[in-house]
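To keep things clear, I will list the structure first and then write my remarks on it.
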Amino acid sequence: MNRQKIRVGVLRGGPSHEYEVSLRTGRFVLDQLARKDYLFEPVDILISREGVWHYRGFEVRPEDVVLHIDVAFVALHGAYGEDGKVQKILERFAVPFTGSDSLTSALGMHKHIGKKIFEREGIRTPLHIVLNPATDDIETAVEKIGKEFPLPMIVKPESNGSSIGISLVSSVDALRNAVDFALEHSDKVLVEEFISGREATVGVLEDYRGEELYSLLPVEIIPKKALYDYEEKYGNESRGRYPGNFSAQEKSTLQDLARRAHQSLGLRHYSRSDFIVAEDDIYILEVNTLPGLTETSHYPKSLEVLGIDNHDFIEHLVNLALRKK
């Protein structure tokens, strides 16, 4: 008797600045599912930059697709995918899906909310402030920050990912241009102090290898320039050390902080947290609720170091989502 295949709808693309990255993550997931074609039936669901859903080349309504799959694999990044919007659609139709639910996705997407939670939980994060053009006079706020905030500083979109729209500001004169650049990608801007140190990223995976929250080995990011931006993150020259050259104490602390960050935000299934290992302490920068899964992404490479096959990892996430059903 043939076992019925699990229909896995892979959502990729989407109306965000991370459209191209999402296409690559989605292709990675589809390829891994295809390696277990006796178990899964991959369903490619492309969402355009305008937010229109497509199935087999045709425009469709979300309910025309999601009601005919067993589980959704959310391979979206940025707005619509990581801010809880697509999760709300899936929840409305009671479709199980990988990753965090709509509420916790929104928490993870908005960096300043996450930072408040981290501070409440005793997880150290850089000094920061949020600029909101809807309530703040930007000229006045920029002038005040220039006088009171330590240099250098990082200016980034408050709710975006993949290091898009980020600037390293080393002078007050450059601050306004950096704020305007960040506002091109988000309706709010996060300004935070620049912490000098080694950058690390740590993935976690729920219910794996006998652990409720399994931590991958910390990766040490080795940028070729001072700012680890979008071009370097997803370019062919992006570099990382797998695992990172951290002391046993640093490694243990990073893994513990990644688990705590995941739990403090109430995330599901998997995540990846970014840190700066400074001389005085370890600082968390942000948490990625849907880590990139491209050929240059750190999460798949971290899995490889630990002998975890990518197709087994994808299957594990699908099974975690199906348990909720």
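The values are calculated or read from the model by the stated rules, or taken from the named source; none is laboratory data. Since the model is a prediction, treat every value here as computed from it, not as a measurement. Note: ideal-geometry Cβ built from the backbone for every residue, glycine included; neighbour counts use all protein chains shown.
If you filter the stretch 254-267 down to residues that are in contact with a helix residue (DSSP H, G or I) (Cβ under 8 Å, 6 or more places away or on another chain) and surrounded by fewer than 21 Cβ atoms within 10 Å (Cβ to Cβ), you find that the one that is nearest to Ser102 (Cα to Cα) is Gly266.
Thr135 passes every criterion in (1) in contact (Cβ under 8 Å) with a residue 60 or more places away in the chain; (2) among the β-branched types (Val, Ile, Thr); (3) in a loop (DSSP other than H, G, I, E, B) apart from (1).
Name the single residue, out of those in the stretch 271-287 being in contact with a Lys or Arg (Cβ under 6 Å, 6 or more places away or on another chain) and modelled with pLDDT of 95 or more, that is farthest from Glu199 (Cα to Cα). In this case the residue turns out to be Asp281. Take the conditions (1) touching a residue at least 24 places away in the same chain (Cβ under 8 Å); (2) part of a loop (DSSP other than H, G, I, E, B); Ser273 misses just one of them, which is (2). Of all residues in the stretch 1-31, those satisfying the criterion of being part of a helix (DSSP H, G or I) and surrounded by fewer than 22 Cβ atoms within 10 Å (Cβ to Cβ) are Tyr19, Glu20, Leu23, Arg24, Arg27, Phe28, Leu30, Asp31. Residue by residue through the stretch 4-33, note down the ones that are among the β-branched types (Val, Ile, Thr) and without any contact (Cβ under 8 Å) to a residue 12 or more places away in the chain. Within the stretch 4-33, none qualify.
Can you tell me how many residues in the stretch 52-89 are closer than 24 Å to Ser264 by Cα and of a type outside the set (Val, Ile, Thr)?
14
Number of residues in the stretch 135-164 that are modelled with pLDDT under 85 and in contact with a strand residue (DSSP E or B) (Cβ under 6 Å, 6 or more places away or on another chain): the value is 1. Report the residue count in the stretch 196-245 for those that are touching a Leu at 6+ places or on another chain (Cβ under 7 Å), at pLDDT 95 or above and in a loop (DSSP other than H, G, I, E, B). Counting residues in the stretch 196-245 that are touching a Leu at 6+ places or on another chain (Cβ under 7 Å), at pLDDT 95 or above and in a loop (DSSP other than H, G, I, E, B) gives 3. The strands (runs of 3 or more DSSP E) falling completely within the stretch 50-131 that include 2 or more residues that are crowded, with 22+ Cβ neighbours inside 10 Å map to 71-74. Taken over the stretch 284-315, the residue count meeting the criterion of being under 13 Å from the mean Cα position of the chain (by Cα) and not in a helix (DSSP H, G or I) is 11.
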